[in-house]
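The values are calculated or read from the model by the stated rules, or taken from the named source; none is laboratory data. All of these numbers come straight from a predicted model, not from anything done at the bench. Because the Cβ atoms are built from the backbone with ideal geometry, glycine has one as well, and the counts that use them run over all protein chains shown.
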Amino acid sequence: MADHDAQLRAGQDALRESRFADGLAAAEAVLAAEPDHADALYLAAVACRYLNRFDAAQGWLERLNAARPEYGRGWQEQGHLNRAMGRRDAAIDAYRRACRFNPALEAGWRALADQLVEAGRPGEAQGARAEAERLKALPRELAAVANHLYEGRLLRAEEICRHFLRRYPKHTEAMRLLARIARELGIVDDAEFLLESAVAFAPDDVTLRLDYIQALRKRQKFARAREEAEALHARDPGNPLFQSHLAIERMQTGDYDGAFDLFDRILQRLPNDPATLTSRGHALKTRGLQDEAIASYRAATQSAPTLGDAWYALANLKTYRFDDAEMATMRETLARGDIAFMDRVHTSFALAKACEDRGEYEDAFRHYAEGNDLKRRQSGYDADRMAEELERQKSVCTPDLFAAHEVEGHAAPDPIFIVGLPRAGSTLLEQILASHSMVDGTLELPDILSLAHRLRGRRAGASEYPQVLHRLTPQQLSQFGQEYIANTRIHRQGAPFFIDKMPNNFRHIGLIHLILPNAKIIDARRNAMDCCFSGFKQLFAEGQEFTYGLSDIGRYYRDYVDLMEHWDRVLPNRILHVQHEDVLDDLEGQVRRMLDYLGLPFEQACLDFHKTDRAVRTASSEQVRRPINRSGVDAWKPFEPWLDELKAALGPQLVS
């Protein structure tokens, strides 16, 4: 690796000195050992362009795009190449992509402006040039921060940004960038604090306010996010961007009529706007209005056939069946080389579901695999690192730890945590229990994960969590528990108990028990092959990176089972394990078993869960609105010829 770095530096020096053949040779030396090395592919493409070897340059860029689909500099170089070849429209498209994937590319914005002027589009050119001038005016350090951020070097970006803020503590653009870095790292409370402070310093900065609204939504502070969106909308009630943000916040706070009114107003001004039609479809789906949601999604696909989000939204209903014409359109879209990265991912998953519904299992698996391969390259998930993280929970969370804090924490019995893996049946359990008069259903709440992030600390190269659990005082444990109850109250409707359905909380059961010793914990478990393959077929919005590879998801399931066995040893009889297949076979028996564990009286509404009228925001939203059925059992079997990698990762005991 060190040799590669030295070769790349030598190649970059050669390009600066106009020794383009030497630069190409350096790049090729690295690529001989590491064929997908993004920086080497980029260097090779630039060298070939300067050598007027345009076909070779295009070949390097196609390889770069396959390896790093959202690498802004790669698309900027594609723009330069298209311009050199006299392909102005293609250059404009490439520069737009470059600036979308890396908005800090000053050269990309300037080149885009120049090409737009040549195309006779001065209004658009003015906007691009203004963005270039804004970037030019940034302090040099912040320009570097932005580039590191958008090219995925988050820790380096954070280091430079914090150093800058120590000298200029009220610089709002630096605060905005650091908040973005925090959000990318999952430290959403830091992002909220930074943006709240920045907005106080610059209350008229619309970009800051939009980022602040997003941070509040990420923190699930929906009432505050709506207040901010209402204030922005009041400034310019006819602005479609402000209307769209307010519509989303109204939806999040349960004001669906208000959201639909805004969506309709946007569509009156921008008929057939695909993004609005898709957002409106999401709102209709959440309210259980499936036919109307389908109509809105289909209108979006007809308006913008390459919009993958709308195609996937239809597939994600789980009940929609695509017709021949729709499948042909999706195939045509995937055959194009110019669609955006996430459009390709969404369309791949949607077409896979369409093929599966028709029994075309080989084609279905191929499209699922293509979509997952793209996402896995983007995510950078490391299964070894995750296994080490879970192993640390076992080594730190010992019987001695819990014995030392036996009567500490916050005594509230309100929370019911449903944990496990995604696609394990947790939404069904939530819908059953939320149908009880004494239980509120909420969301997949981020509060425990956020607390774990806070406890990790900021020591370079090391994490203080979970080791820090041994150093927490009784006062801290009680305070954390009280904060959890206070911060989650906004999601409740007044029942004495409520559900937190964040599946990844299984990693933090030790922390949960220390701060909320009277909380109930239900482990939603499903047959390993069904659960893992269902996760592989599901495109998650965020946070489930282990699902994008069969080996990764198999290892994760195995590590999850191992950690749950540890929790049972160190916290005996504290966790109720509920097997999904048992719920399907004996609904009433399992409902009574769960209610007994929770100390709640039986209510018939829990058996009639599919009649409960409540918003459901997960991928299983349509499935839990139907009576109990076994349609998902053994759904992996038609795909068995292609699942050897999953079986090997799980091991024979879990497969059987």
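At a glance:
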item	result
Residue within the stretch 458-471 that is assigned to a loop (DSSP other than H, G, I, E, B), crowded, with 19+ Cβ neighbours inside 10 Å, in the same structural domain as Ala387 (by TED's automatic domain parsing) and touching a strand residue (DSSP E or B) at 6+ places or on another chain (Cβ under 7 Å) present	no
Matching residues, the stretch 88-133, being surrounded by fewer than 16 Cβ atoms within 10 Å (Cβ to Cβ) and either of a type in the set (Val, Ile, Thr) or not assigned by TED's automatic domain parsing to the domain that holds Arg73 (or both)	Val117
Failed condition for Ser534, given (1) under 23 Å from Gly186 (Cα atoms); (2) in a helix (DSSP H, G or I)	(1)
Unmet requirement for Tyr484, which otherwise passes all of (1) within 30 Å of Thr286 (Cα to Cα); (2) in contact with a His (Cβ under 6 Å, 6 or more places away or on another chain)	(2)
One residue from His513, His436 being surrounded by 19 or more Cβ atoms within 10 Å (Cβ to Cβ), modelled with pLDDT of 95 or more and assigned to a loop (DSSP other than H, G, I, E, B)	His436
Index of the failed condition, Asn272 passing every other in (1) outside any loop (DSSP other than H, G, I, E, B); (2) closer than 22 Å to Tyr320 by Cα; (3) more than 22 Å from the chain's Cα centre (by Cα)	(1)
Residues located in the stretch 334-368, provided they are in a helix (DSSP H, G or I), modelled with pLDDT of 95 or more and not hydrophobic (A, V, I, L, M, F, W, C)	His346, Thr347, Ser348, Lys353, Glu356, Asp357, Tyr361, Glu362, Asp363, Arg366, His367, Tyr368
Test result for Asp552, surrounded by fewer than 23 Cβ atoms within 10 Å (Cβ to Cβ) and at pLDDT 95 or above	no
Flag for Ala104 being without any contact (Cβ under 8 Å) to a residue 40 or more places away in the chain and either closer than 21 Å to Val206 by Cβ or within 24 Å of the chain's Cα centre (by Cα) (or both)	no
One residue from Glu133, Glu159 being within 24 Å of Ala113 (Cα to Cα) and without any contact (Cβ under 8 Å) to a residue 24 or more places away in the chain	Glu133
Residue in the stretch 77-84 that is modelled with pLDDT under 95 and under 22 Å from His37 (Cα atoms) present	no
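Table: residues versus (1) surrounded by 16 or more Cβ atoms within 10 Å (Cβ to Cβ); (2) within 26 Å of the chain's Cα centre (by Cα).
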| site | (1), (2) |
| --- | --- |
| Gly238 | no, no |
| Leu284 | yes, yes |
| Tyr297 | yes, yes |
| Trp311 | yes, yes |
| Glu326 | yes, no |
